[in-house]
Amino acid sequence: MAAATTTSTTTSTTTTNTTYNTQDEIRSAMTEAVELDGKLRQRFNATVALIVDGQEWYLDARAAKPQSNDHKQQQQRHAPPPPQLTVTLSSAVLHDLLAQKLTPQQAFVQKKLQIKGKMTLALKLKLILDATRKQLSNSTARL
């Protein structure tokens, strides 16, 4: 009976370890997912600020990013446009969202997630989470 408990614990630990490691890995995967998926950018088409444990992450998920040949405008482009959606949450909630233990709507209703900006974009947040989850599993598979 002790062996069954050990096996169960090992399986649980393995599942926990594969749950989207560090915030840097999540941020990187989220950025890659948005940059690599043109369809995602077309469907989301907005700028997002994620504030995770007080640290702000900025995502540019616009369908077409502005292009300019004017040097002065290029210098101004380095400052990101204001986010159309700001999402504030803890890293624990972010992990739960990525592990599908919680939906963005559930987190909002339970006040685990604060939204500022366009509510229609907040409803599309799942698109970014799904793409991030896929990117994380692809990067894990490459190791």
Seminar exercise, completed: Scanning the stretch 92-113 for residues that are touching a residue at least 60 places away in the same chain (Cβ under 8 Å) and open to solvent by 30 Å² or more (accessible area, probe 1.4 Å), the one farthest from Ala49 (Cα to Cα) turns out to be Ala99
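Yes/no per residue for (1) of a type in the set (Gly, Ala, Ser); (2) out of contact with any strand residue (DSSP E or B) (no Cβ under 8 Å at 6 or more places or on another chain); (3) outside any helix (DSSP H, G or I):
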site: Leu102; (1), (2), (3): no, yes, yes
site: Phe108; (1), (2), (3): no, no, no
site: Ile115; (1), (2), (3): no, no, yes
site: Arg133; (1), (2), (3): no, yes, no
site: Leu136; (1), (2), (3): no, yes, no
For this session: Kindly indicate which of Ala29, Ala46 is in contact with a strand residue (DSSP E or B) (Cβ under 8 Å, 6 or more places away or on another chain) and modelled with pLDDT of 90 or more.
Result: Ala46
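Are any residues in the stretch 114-125 at pLDDT 95 or above and surrounded by 15 or more Cβ atoms within 10 Å (Cβ to Cβ), and if so, which ones?
Narrowing the stretch 114-125 to residues at pLDDT 95 or above: 114-117.
Within the stretch 114-125, Ile115, Gly117 qualify.
The values are calculated or read from the model by the stated rules, or taken from the named source; none is laboratory data. Not measured: the values here are computed from a predicted model. Counting neighbours? That spans all protein chains shown, and the Cβs are built from the backbone with ideal geometry, glycine included. Just so you know, the surface numbers come from the protein's heavy atoms only, side chains and all, with ligands and any DNA or RNA stripped out. Shrake-Rupley method; radii C 1.70, N 1.55, O 1.52, S 1.80 Å.
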